[in-house]
Amino acid sequence: MKNKLFVSAFLFLIFAVMFVSCKKKGTEKIVFDNSHPLALAPDVEWAVVIEPYAVFKETDEWGAATAGHCRKGEILQVKGKSMDANKENWYYFDGGWLSQSSVSIFNNRYKAETVSNNLVNE
C-alpha cells in the first residue's frame, strides 16, 4: 500500500513538473533599432568627441583652416584616417578632420552611444 502511494505521488509530481515546464510562455517581441543601419557593420568605426569643443580642420594638420565645430558627446561616423608627419592620427568625418586627441574611437555605434551618454551626463 505504501509503495502504491509512493509511486502515485511520484508520478503526480512528474506530471505536475511536465505540465508547468511545458506551459506556453508569452511571446517576447525583440525590437531592433535600425535607425543607423551601419551601427554594427564590422568595417565602420564610430567616434565620440571628448573635448568640450573641437574644431574640424579642412586637412589633416594643425595649421589647416577651420571647417566647422563639434561638441563633447557628439557621435560621428569615421569616413577616413590619416597620419601626419608627427605620427599623430587624424580622422575624417562629414564635417572635416579631427585629431586623435579630440575623439575616442569605437568599433560599433552602440558602444559610442554608451560613452557619449556617460560624457553628457557627467
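Results, tabulated for the structure shown:
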read-out: Residue-count net charge about G68 - beta-carbon cut-off 10 Å; Lys, Arg +1, Asp, Glu -1; value: -1
read-out: Label-to-label distance, nm, for residues given as I30 and K81 (7 Å Cα→Cβ offset); value: 3.0 nm
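Throughout, read-outs are computed from the coordinates displayed, never taken from laboratory work. In this text, all values refer to a predicted model and were calculated from it rather than measured experimentally. All Cβ positions, even for glycine, are placed from backbone atoms using ideal geometry, and neighbour counts span all protein chains on display.
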